1. If residue 58 passes every condition in (1) open to solvent by 100 Å² or more (accessible area, probe 1.4 Å); (2) in a strand (DSSP E or B); (3) of a type outside the set (S, T, N, Q) but one, which one does it miss?
2. Quick check on my filter: what residues within segment 37-96 are touching a residue at least 12 places away in the same chain (Cβ under 8 Å) and among the hydroxyl-bearing types (Ser, Thr, Tyr)?
3. Could you please find all residues in segment 62-74 being open to solvent by 10 Å² or more (accessible area, probe 1.4 Å) and within 15 Å of residue 96 (Cα to Cα)?
Amino acid sequence: MGRLEKRKLAQAGQAAMEKLDLPGEIALGVPRVELVGNREFYMDRHKGVLSYSTELVEIGGGSVAVRLSGRDLQLLAMTDDELRITGRIEKVELVG
């Protein structure tokens with residue numbers, strides 16, 4: 001696919017997103033994170049777990065990594081697109 005075709009495809013996608021009134025993050029594939037109190041962390045569109053222990057979890061998010069620090073961290077569920085971590089979450093950092 002040439003450069004011109006890619007640009008036209010991107011413009012068509014942007015126009016469709018605007019007509020459907022959808023957030024731009026969906027089209028861009030940007031990860032979405034959700035923190036429920038200090039006990040549960042959810043992330044979709046992740047790029048995999050980079051490191052894992054009960055005190056530190058690093059998750060790939062494309063251009064940044066997400067680092068969770070805490071106690072009793074546990075990977076509760078994980079699919080190709082989303083993951084859920086529970087435990088006592090003390091810090092969430094974006095590492096570029």
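The values are calculated or read from the model by the stated rules, or taken from the named source; none is laboratory data. Remember, predicted model here, so these are calculated numbers, not experimental data. Here Cβ is always computed from backbone atoms with ideal geometry, including for glycine, and neighbour counts include all displayed protein chains. The protein model used for the area step is the full one, side chains on, heavy atoms only, and it has no ligands, DNA or RNA in it. Shrake-Rupley method; radii C 1.70, N 1.55, O 1.52, S 1.80 Å.
1. (1)
2. Passing the criteria: 42, 52, 53, 54, 63, 69, 86.
3. 62, 63, 64, 65, 67
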